[in-house]
Amino acid sequence: MIKRIIAYVLFGLLWTTAIHAQVYMEQRSQHRFAQSYFGFNVQVQPVSGKYIWNGKESAFPMVSSPRITLGGLHFWGKLDFNMNFPIARIADFKVSEGVEMYFNSGADLSARFYPWRVKYEVVRPYIGYSANEMTLGFDDEDLGHRYDLFVTSSALLGFSYARNGLQINAELMWMLNNNRDFYSNRSAEHTFELPRGYFSVGMVKFFEGTLREEKDTQSGKMKRMEEQLRQENKLNSFSVGFAPSGAYSLLAPHYPGDELRQSLPRHKGTMVWEYSLGYLMHDAGLHVGVSYRDYTSDVESFDFEHIMRRRSVAFEVLKFIGNYQGFVPFVGPTLSFDRWAVGEFLNNQQIGNTQRTAMFSPGIIFGWDILASPLETWVLRTNLRYYPFQKIRDADGTTMRVDQFEFNFIQLVIYPNRLVHIPKLKGRI
């Protein structure tokens, strides 16, 4: 997954230009609204927290995690959205002879707010919020293994220093609630205290992908091109999109009192690759299309495994609502044809039959585009989807709710027709 994300980032950067000046300090136009960046940081989690295994209470070891950073500075240096993906974990996870622990502070989605906008050669403080996917697991030669994923919320406090297109960030992440329930065997449930404080330091490089359109907009050339394309019936375009996408089960099966199943972790979230095709109707402010996602959620506890798989093909209509200096929100309906499969396994042998469910799931999609001009050949889009009232058959044949919330923070959407027509038109106007 990390390799795919890196390839996606590098592809996107081919469309951008490295910058050394803070262009939004000169004027606040929509072409200077946002600057993308790519970088690295190292997150350090000190010895802290509490876990219990085989009746013994211990603290979590120190963990160092090199991470890839992908994000963008918006609203002319005031608001920062970013994602961090760990690529390694450096720690001593040995608990005792025959027992290994695994703890990963995970990928995160963060927002930072700067009370004073970022300015070169000046230290700027910020506050923020982060949502993380943390993973905890134990491998025990006698008991087997158990893993669980926790979606956590944390407050951020940090400082940034920028110069010549580079920015150094130092950040403290503090988990708001670090208590999580965890089974140390199929019947013994304990309250663990996950490590609460995390410190990171890193550097990012800014890239500019929208300023190139400013001159043509201010001179009126962009407006003339738009009108000419309208007369030639070439203003609309097909679209191709792809993005790393996540799904979170707002509701999931649970089994209180079931000796075999009660220790199973709750199904939560998973990440996949999303693909989409569509058509943009420029003057109507509409985009219609289809998207495909294939999700698998797998939870396991002491050699007992529960797997849910969802294949989704969704028809979607996006209605764009205004243009706020290049920030273009949208909302619309989505209708997904879902095929679910659910199965259980004990010691790698399936129990019972795979239960399959096919359904049409209505939902809502909303989000925003970052748009430098009305004639962009590609855009960065954020999609959020909500599918309520999803009911499927569990592995034992009972009916369960598995309502879904989906997100892809940065989707690259390319308009092939515009890639052909606009360069030719620029030479004529």
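The values are calculated or read from the model by the stated rules, or taken from the named source; none is laboratory data. Note that the structure is a prediction, hence the values are computed from the model and not measured. Quick reminder, even Gly has a Cβ in these numbers, built from the backbone with ideal geometry, and neighbours come from all protein chains shown. Please note that ligands, DNA and RNA were not included when accessible areas were found on the heavy atoms of the full protein model with its side chains. Shrake-Rupley method; radii C 1.70, N 1.55, O 1.52, S 1.80 Å.
Annotations
- Largest to smallest in accessible area, the residues Glu133, Glu189, Glu57 fall in the order Glu57, Glu189, Glu133 (1.4 Å probe, all protein chains included).
- On Cα atoms only, tilt of 416-426 relative to the major axis of the chain in degrees: 30
- FRET efficiency, 1/(1 + (r/R0)^6) with R0 45 Å, evaluated for Asp258 and Ala155 via beta carbons: 0.75
- When the alpha carbon coordinates of the stretch 229-280 are projected onto the principal axes, the ranges are 70, 16, 10 Å, largest first.
- For the cross-link pairs Lys78/Lys221; Lys50/Lys94; Lys56/Lys268; Lys78/Lys119, the ones whose C-alpha atoms lie over 20 Å apart are Lys78/Lys221; Lys56/Lys268.
- HN-Hα J in Hz across the stretch 271-280 - Karplus 6.51, -1.76, 1.60, θ = phi - 60°, x for Gly and Pro: 10, 9, 9, 10, 10, 8, 10, x, 9, 9
- Helix-only mean residue ellipticity at 222 nm for the chain, each DSSP H run of n ≥ 4 adding -39500 (n - 2.57), per residue, nearest 500: -2500 deg cm²/dmol
- Amide hydrogen proximity for Ser361: with H placed 1.01 Å from N in the peptide plane, the residues at 5 or more positions away or on another chain lying under 5 Å are Ser336, Phe337, Asp338.
- Net charge dipole size for the chain [Lys, Arg +1 and Asp, Glu -1 on Cβ; Debye, nearest 20]: 2080
- Within-9-Å neighbourhood charge of Ala162 [Cβ basis; K, R +1; D, E -1]: +2
- Under-5 Å amide H pairs with Leu251, H placed in peptide plane, nonlocal only: Asp403
- Dipole moment magnitude, nearest 20 debye, the stretch 323-429 about Cα centre, only Lys, Arg, Asp, Glu C-beta charged: 600
- Local electrostatic count, Tyr415, Cβ distance below 13 Å [Lys/Arg +1, Asp/Glu -1]: +1
- Rg and Dmax of the chain, based on Cα coordinates, read 24.0, 78 Å.
- Within the shell of other residues whose beta carbon sits under 11 angstrom from the beta carbon of Phe304, the net charge comes to -3, with Lys and Arg scored +1 and Asp and Glu -1.
- Taking the longest Cα principal axis of the chain as reference, the axis of helix 221-231 is set at about 90 degrees.
- Whole-number percent relative contact order across the stretch 92-182, with pairs defined as alpha carbons under 8 Å at least 6 apart: 26
- Diffusion constant of the stretch 95-152 at 4 °C, which comes from Stokes-Einstein with the Kirkwood Cα-pair radius and 1.567 mPa s, µm²/s: 90
- Per residue, in Å², the accessible surface of the chain once ligands and nucleic acids are set aside, probe 1.4 Å: 45
- Share of carbon and sulfur in the accessible heavy-atom surface of the chain [1.4 Å probe, %]: 59
- Relative to one another, the C-alpha centroids of the stretch 91-123 and the stretch 391-417 are positioned 27 Å apart.
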